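Throughout, read-outs are computed from the coordinates displayed, never taken from laboratory work. Note that the structure is a prediction, hence the values are computed from the model and not measured. Here the Cβ is made from the backbone with ideal geometry for all residues, glycine too, and neighbour counts use every protein chain on show.
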Amino acid sequence: MSFRVVLSCCVAALAACGERAPTPEPITRPAPRFEPVIQRALAATAPPTEPPPAGEVDAEELSGLIAMFAGGDARFTEAAESSVAELSGDVAAALFALASDGADEERAAAIGLLGARGDAAAAARLVDLLRDGEPAWIRAHAAWRLGETDADQTVPALLLRLKYERDHEAVLWIADTLARFGNFAGAAVIERLAVDPATPAALQRSARAKQLELGELAQPPDGLGVVAAWERALLDVPERSRAFEHAVWSWIARLEEYQLRGVDDARFLLERSDPSVAKLLGQALLEPDRYVRVHAAQCLARMGPRGRAAEAQLVALLGDPLAAHEAAAALGRLDTATAEAELRRELQAGGVEVQVTAARALRWRLERAAPETRELLVELAADATSLPELRQAALESLAYLGELDREHLTALLDFAEDERFEADTTIRALRFWLGEHAPETLIAEFDALAPEGGEVVTWDARRRSRRARAALVREHLDALVGA
Amino acid sequence: MSVRGALGLVVAGLGVWLVVLVFRGEPGAAAPPAAFTSSAQCKECHPQVYAEWEASPHANAWVNEAVRSLSNDFANQDCIACHAPRGVFDVGVGERMLPRNVRRMEGVDCLTCHQLPEGGMAGTITDPRAACRPVERIELTRPEFCAGCHNQHKTVDQWRGSKWPDQDQDCRSCHMPFRDGTPESGRSHAMPGGTSLDFLQRAIALSGERVDGGWLVRLANVGAGHAFPTDERSRASDVFWRPIGDLGKPGVETWRHLDRMRSPYRTETDLEDTLLQAHEVREFTITDPDAADGIEVAWFYKRSPYWADAEHPDPDREATLVHRLELRP
């Protein structure tokens, strides 16, 4: 028996007999059982097939209603509104044609009557006008009139217009209509238009009026603005129609597309949706297509607390090697004690990439983080044998949790200066911590050292900036964390 | 003897058995492949390949300023999937890539293309004695291998629609040439492309001639295996002209825009796709009276599609001059 063998034997024996800290068992999360949920949901929520509209539209009568509506007399307008609901034939198509061309008054009246008719066909035509109408006031009118219907299935289309619409008045009406449907994703835009000095005066007045209306529509808890209450999922959501769910599933189906443009549209509107959509996204996490799972988890991450209805499915997704990383990131954003506990489990014994994500994701708990979470992050931050990126992530989260002592801060600054590692997240964590712990003058100095703007910031400029900011904090180390 | 002590003895015995098993030195017995966690580990055995890669756009994928700027520092998280990707064999050859969460500074590294999920490395030979246990994998040579990233910007589709596949010219033919022209020397991992002026100059041709009433300028995609530029929205190419009398004057004051080749970004819904497709020839006739005495034409390439001042583009400062031409009566 060679010396090598004897030595190995002794090591093995010592390893077995010595007093050791218990090592957590690696997590064995079962892989989720995938099933074609989208296909099923689309079939289950599909609108009933209706026969095509019978008969021709009476053009003369329609023309009369347009004239009544455009006249401006409230009694005639109301009469036109109720009469248009009784007309037979493909009224939506006829009104759409009138809205697309002609004198402005007649176009506006046609859009108004589409809103008054308000059935699915009319709502679909209003969505067409909302997307393609020219000039911009047509789109603004279409958004306004959609708000007078019950067609909540148009919410995804309205949300998507927030991405592409450049006309401020149209945006204002889109945000307003969304709010009427119980979606406050546009509230931030209204607030911005209301206070931005660059907003034209008339539009600013409208935005301020809408801002007041939003407060009444949303009824946020005392002391909270609509935007904050929406982001924290504290607002009531009206019961959604089957047509709404069908529209949402149609967009969830697009998350599997190879080219990312469609995916990006879908993600944009889904992440701005109300908490009821989180339930559907949670179901989509079981879809066999990996990209649906990954992108649905990304949507939930961006929803934050509005995504809480998908918590259980996100936990299950931690068992999917291709999407576990996104699941961990999303769980952090849910900001719940259960999600925090699951992330802790991953941090103790998950795969290394998920560990890094979990360490970063725990930062969202801020002052709500449990003592066990803090202890675990402190342990990881001090473990020189662990993956450096894991230590870096743990240190960054400690900064957000307000747990940095001198040793941690020094280690974080080392990462900020070490060119082998990405430092943007570290610099952001430092900036957050300074915001809570440093005097304003130091924060201003730190901010002034950010790389100079311009179209392109070179890597050298970034490198210089991160070194300079780290050096600045080092200079003030004693004052910040004591000697 | 305590339970723990007894357990220790059992484990020690097992340890002896295991160690003997591992070290008994039977001829031909293979140790498991080394664990690779960074491309830096490849350098020791593959210094030439490593040096080529280290200076390549692949190595620079996470830190280069153009992608930093265009992705808003990767706030657009879709970009991460190809600028710090997981292994191609891990995600699946031909599948769209997924992002990795560690070693991002290494960009598109050795492990991205070569690491096998079951252990070992994909290569062009199988060698159970080498530390990285290379296994011959034909997928490495196929355009589908590159498609997981490069077809996201439709480059592989553009190649498929060209005459190049019929002539057995694929991604490697241009971007991974043999080092000295022979297979024995192996293929370069420098991955030249839009960062190489020589490559750009061979990809496109600029010519012109006198025609009735003016000057005919001809732009041709003669050598790119895909559209020029490719990578659609993230790149642009512009052609300018100016009267021959303005030669040598500041370009920002004298260049007149003739054509732009670019695919719009997803939010730029009012722009049309003007990429110069593989083999496409585009002709323009310049009839401006200022051109009567002759013109200078210049074809530029930009790694970012935007100008600092869109109203007054300054290609001499902000873009790479690929070809220039003087046309005189």
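Computed over every Cα-Cα pair of chain B and binned at 20 Å starting from 0, the pair-distance distribution P(r) comes out as 26, 46, 20, 6, 2, 0 percent.
Summary value for the stretch B:90-187: 20 percent relative contact order, contacts being C-alpha pairs under 8 angstrom separated by 6+ residues. Taking the number of Cβ atoms within 10 Å of each Cβ as an exposure proxy, the fewest-first ranking of B:His189, A:His437 is A:His437, B:His189.
Computed over neighbours whose Cβ is under 14 Å from that of A:Ala381, the net charge equals -4, Lys and Arg +1, Asp and Glu -1.
Which helices of chain B meet both criteria: a Cα extent of 20 Å or more along the helical axis and a mean Kyte-Doolittle score no lower than -1.0, with helices taken as whole DSSP H segments?
Those that pass (Cα extent of 20 Å or more, hydropathy at least -1.0) are B:3-23.
Semi-axes of the equivalent ellipsoid of the stretch A:210-270 are 30, 15, 9 Å, computed as sqrt(5λ) over the eigenvalues of the C-alpha gyration tensor in descending order.
Counts of other chain beta carbons within 10 angstrom of each beta carbon in peptide B:56-69 average 2. Each Lys and Arg contributes +1 and each Asp and Glu -1, all at the Cβ; summed about the Cα centre of the protein assembly as shown, the dipole is approximately 2880 debye. Size of the stretch A:330-457 from its Cα atoms: along the principal axes, largest to smallest, the extents are 41, 31, 29 Å. Pairwise Cα distances in the protein assembly as shown exceed 49 Å in 32 percent of cases. Above 19 Å, the calculated P(r) of the stretch A:124-194 contains 19 percent of its Cα-Cα pairs. Taking label positions 7 Å along the Cα-Cβ direction at both B:Glu253 and B:Ala292, the computed distance is 2.3 nm, reported to one decimal.
Among A:Val481, A:Ala461, A:Ile443, flag the residue with its Cα farthest along the positive direction of the charge dipole of the stretch A:420-481, charges on Cβ as +1 for Lys/Arg and -1 for Asp/Glu. About the Cα centre, the residue reaching furthest to the positive side is A:Ala461.
Per residue of A:256-264, what is the mean number of Cβ atoms on other protein chains within 10 angstrom of that residue's Cβ? The shielding value for this peptide is 4. A Gaussian network model of chain B, with springs between Cα atoms under 10 Å, assigns the largest mean-square fluctuation among B:Gly186, B:Gly94, B:Gly194 to B:Gly186. Counting only GluC sites (Glu not before Pro) that DSSP places in a loop and that have at most 14 other Cβ atoms within 10 Å, the longest clean stretch of chain B runs over B:119-267.
Output the relative contact order of chain B, whole-number percent, from Cα pairs under 8 angstrom with separation of 6+ residues. That works out to 13 percent. The ratio of the alpha-carbon radius of gyration of the stretch A:162-254 to the globular-protein estimate 2.2 N^0.38 Å is 1.16. When the convex hull of its Cα atoms is viewed from all sides, the stretch A:95-254 shows a mean projected area of 9.8 nm². In terms of Cα atoms, the Rg and Dmax of the stretch B:155-221 work out to 16.4, 56 Å. By the Kirkwood approach, averaging reciprocal distances over each pair of separate Cα atoms, the stretch A:28-160 gets a hydrodynamic radius of 16.2 Å. For the stretch B:30-90, a Kirkwood radius taken over Cα pairs fed into Stokes-Einstein (37 °C, viscosity 0.692 mPa s) yields D = 242 µm²/s. The dipole here belongs to the stretch A:227-362: it is taken about the Cα centre, uses +1 on the Cβ of Lys and Arg and -1 on the Cβ of Asp and Glu, and is about 140 debye.
Can you pull a Stokes-Einstein diffusion coefficient for chain A at 37 °C (0.692 mPa s), Rh from Kirkwood over Cα pairs, as a whole number of µm²/s?
Answer, rounded: 126 µm²/s.
Positive end of the dipole of chain A (Cβ unit charges, origin at the Cα centre): among A:Val127, A:Leu395, A:Gly262, the Cα lying farthest that way belongs to A:Leu395. Fewest neighbouring Cβ atoms within 10 Å first, the residues B:Ile286, B:Ile138 line up as B:Ile138, B:Ile286.
Sparse packing (at most 12 other Cβ atoms within 10 Å of the Cβ) combined with a DSSP loop state is found for the following GluC sites (Glu not before Pro) in the stretch A:40-98: A:Glu56, A:Glu86. In the stretch B:115-231, the alpha-carbon atoms span a convex hull of 144 Å³ per residue.
Evaluating kT/(6 pi eta Rh) at 37 °C and 0.692 mPa s, with the Kirkwood radius of the stretch B:253-312 over Cα pairs in the Stokes-Einstein relation, gives 231 µm² s⁻¹. Here the stretch A:81-214 is assigned +1 on the Cβ of each Lys and Arg and -1 on the Cβ of each Asp and Glu. Its dipole about the Cα centre then comes out at about 520 debye. Rg/Rh for the stretch A:261-398 stands at 0.99; both radii use Cα atoms, and Rh follows the Kirkwood definition.
Along the axis of the charge dipole computed for the stretch A:54-208 (Cβ charges of +1 for Lys and Arg, -1 for Asp and Glu, origin at the Cα centre), the listed residues A:Ser88, A:Thr199, A:Ala179 are led at the positive end by A:Thr199.
Per residue, the average separation of C-alpha pairs within less than 8 Å and at least 6 apart gives chain A a relative contact order of 10 percent.
For the protein assembly as shown, the tally of Lys pairs with Cα-Cα distances below 28 Å comes to 8, considering only residues 8 or more apart or on different chains.
What net charge do the residues around B:Ala84 carry, taking every other residue with its C-beta under 11 Å from that of B:Ala84, with Lys and Arg at +1 and Asp and Glu at -1? My count for the surroundings of B:Ala84 gives +1. Bridge orientation summary for the protein assembly as shown: considering DSSP beta bridges with both residues in this region, about 95 percent are antiparallel.
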